[in-house]
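Please read the structure below before turning to the comments.
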Amino acid sequence: MNLKLVAVAIAVVALVVLPYVITEPYYVNIASQILLYAVFALGLNILVGYGGLVSLGHAGLSGVAAYGVAYLLAAGYGHTVAIAGGLAAGLIVTAGFAALSLRASGISFIMITLALGEIVWGLAYRWISITNGDNGITVNSRPAPFGQPLTSAVSFYNATLIVFLLAIAGCAVFVNSPFGAALAGTRDQPRRMNALGFHVWMIRFWAFMLSGLLSAVSGVLFVYYNQFISPQALALTASAEGLLMVISGGAATLLGPVVGAALVVIVKNVVSAYISRWNFMLGAIFVAIVVFMPEGLVPGTVRLVRAAWRSAHRNRSGRPAAAPIAEPKP
Amino acid sequence: MSFWLLLTVNSITFGGLLFLLSAGFSLIFGLMRIPNLTHGSMFMVGAYLGTSFLSGALGFTLNFWAAAILGALEVAVLGALMERLLLRRLAGQQLAQVLVTLGVSFMVADLCLMGWGGDPISVATPEGLGGFVRAGSAVFPLYRMAVIGIAVVFAIALWLMLERTRLGAMIRAGVDDPQMARVVGIRVSQLFTIVFGLGAGLAGFAGMIGGPILSVYPGLDQDMLPLALVVVILGGTGSLLGSFVGSIIVGFIYNFGQALLPELAYFVLFLPMVLVLVLRPQGLFGGQVL
């Protein structure tokens, strides 16, 4: 346990000093991107990993929050109102998504969330009087919390880091809470949980809301990072990218989505510097991971390390590696 | 008056195209229990291949119908290969299969962009169908009437195939109860390949037939896939009648929505889906709850 605390402390310190080590604004910006996508992936992981509910519409949730912020700013409101309004819009749409999609689970849940995500994308694309259509909305300024303007790459990184640390700490608390355990229970044994007196639907609903909150937060970060929002951020590709982060890193682990977000953002930036075929790479990585490494990078590595550890210390028993994403029952 | 009539014809035409697209989607879903997220890609690939055959990619130019059929056959082979080589490896893992179809759809979209470029390609209306039919004061474009005719012929042929042939009986058995079908000696895994190829071929054919109306452009796959999803959620999975009625409904809503509420057309399109999900989860004609 102490070892774990030390590791966490080292990781946090490394993240805090990172922008002062790499200094180049381009790389600091990539680090900010990784953190804001990690918040998104953490939110999606609550549903995909711990709830066993694979959503293909989550970009719609962060997109609504981003559009909310951009629209309110364009309408002349201040940053506080815009951020609150964006988060509220994200949560309201999340509640709608949850109410409609949670009557199903498994494959049908994927289909319904996909269709709902496409509705939101369609609205962003076609409802030109609100969203400015394909041209998107430009955001001219970033907020200045406590008098600290976030205009430079480093200051924005620091703000994103604070949000990210809060999000991952929140996820850690959630996973170890009775609620988190109940959610994992509804993933593995929905009927048994029902028989034990748990309200399966309600547990899933609140998990969806928590997931939507994190998505909305990442949407707010996204719109301030890019200072621009267009329908592309809500497309199916964006939802699939989020899912790839969760699955490649390892669903139902705390660190998996973060590693996945880093992997996707880095590959995306490196690949797009050389070839313009990011979508092909996305698809190929997706197929390769699903076919060859369904458990993801983090649990796979953890398993290997544990096996090595165990063979070195015969009498110490490690905990079993985290389970891969639950297969939905037909 | 003629505005409404033309809108109605366009709606039925679009419904016919959607039927060709979604019949295969619905059969694949009914049999394999997965939404084939490459279905939009197959529609698009069929159209792209067809345009290449039209412009003489084989060294000689084919006529429109031959190009459509050849394109459909190629897409059918591609679909069957994908089922054999990729989905078969993941037999029984539906979630993994869905994710693989999603990944493949991105790869196909990018390959098409690489091969055919980013500009929309318009497809000329086939010889002899460029004119109009007059009925009293109303005028109907001939090609759209032909598309309706083709859709009806395919609907009847598919229905006969499913209801009257040995293969159809096996497919119905597989849809109703795959385990029991296996027990009585039907090779369900072979059916998977056949149905996947058939569905892919139908989608590819629909893509080329739709070419003169929709033209072919990058993103066509992402435009069509949600429509197929809505049709199947509306009509119910694994039901040919459901796909047919669902396609016509979606065709009407899409065209009327675009004419009357252009900004909210996409939103209006999904309203009946939401209603069906809340009120009748198994779809209008579906047997099983989605």
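Each reported figure results from applying straightforward, stated rules to the coordinates on display, with no laboratory input. What you see is a predicted model; the values in this text were computed from it and never measured. Reconstructed Cβ throughout: ideal geometry from the backbone, glycine too, with neighbour counts over all protein chains shown.
Data for the structure
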{"quantity": "Extension gain from A:Val8 to A:Arg303, taking 0.36 nm per residue of separation minus the Cα-Cα distance", "calculated": "104.2 nm"}
{"quantity": "For region A:149-285: relative contact order, % (alpha-carbon pairs under 8 angstrom, 6 or more apart)", "calculated": "13 percent"}
{"quantity": "Computed over chain A: relative contact order in percent, which uses C-alpha pairs under 8 Å that are six or more apart", "calculated": "30 percent"}
{"quantity": "Exposure proxy order (Cβ contacts within 10 Å, fewest to most) of A:Ser155, B:Ser239, A:Ser215", "calculated": "A:Ser155, B:Ser239, A:Ser215"}
{"quantity": "Listed residues A:Ile247, A:Ile289, A:Ile130, most fluctuating in chain A (Gaussian network, C-alpha, under 10 Å)", "calculated": "A:Ile130"}
{"quantity": "C-alpha long axis of helix B:39-54 to longest principal axis of chain B, angle in °", "calculated": "50 degrees"}
{"quantity": "Net charge of neighbours whose Cβ lies under 14 Å from the Cβ of B:Tyr48, counting Lys and Arg as +1 and Asp and Glu as -1", "calculated": "-4"}
{"quantity": "Shielding of A:106-118 by partner chains, average beta-carbon count, 10 Å", "calculated": "6"}
{"quantity": "MRE, 222 nm, helices only [DSSP H, n ≥ 4, -39500 (n - 2.57), over the protein assembly as shown, to nearest 500]", "calculated": "-24500 deg cm²/dmol"}
{"quantity": "Percent RCO, i.e. relative contact order, over region B:1-160, from Cα pairs under 8 Å lying at least 6 residues apart", "calculated": "32 percent"}
{"quantity": "Shielding by partners, peptide B:263-270 (average Cβ within 10 angstrom, other chains)", "calculated": "5"}
{"quantity": "Estimated dipole of chain A in Debye, rounded to 20 [Cβ of Lys and Arg +1, of Asp and Glu -1, Cα centre]", "calculated": "1020 debye"}
{"quantity": "Candidates A:Leu255, A:Leu297, A:Leu18, ranked by Gaussian network fluctuation over chain A, Cα under 10 Å, top entry", "calculated": "A:Leu18"}
{"quantity": "Ranked by how many other beta carbons lie within 10 Å on average, peptides B:213-221, A:55-63, B:271-279 from highest", "calculated": "A:55-63, B:213-221, B:271-279"}
{"quantity": "Folded to 0 to 90 degrees: helix B:265-279 orientation relative to chain B principal axis, Cα", "calculated": "30 degrees"}
{"quantity": "Between helix B:94-116 and chain B: long-axis angle, C-alpha atoms, 0 to 90°, nearest 10", "calculated": "30 degrees"}
{"quantity": "DSSP H segments from chain A that extend 30 Å or more along their own axis, Cα-based, with Kyte-Doolittle mean of 0.0 or above", "calculated": "A:79-101, A:153-176, A:200-226"}
{"quantity": "Counted charge near B:Gly236, where neighbours are those whose Cβ lies closer than 15 Å (Asp, Glu -1; Lys, Arg +1)", "calculated": "+2"}
{"quantity": "Least to most buried among A:Lys268, A:Lys4 (fewest other Cβ within 10 Å first)", "calculated": "A:Lys4, A:Lys268"}
{"quantity": "Inter-chain Cβ neighbour average for residues A:120-126, partner chain, 10 Å", "calculated": "4"}
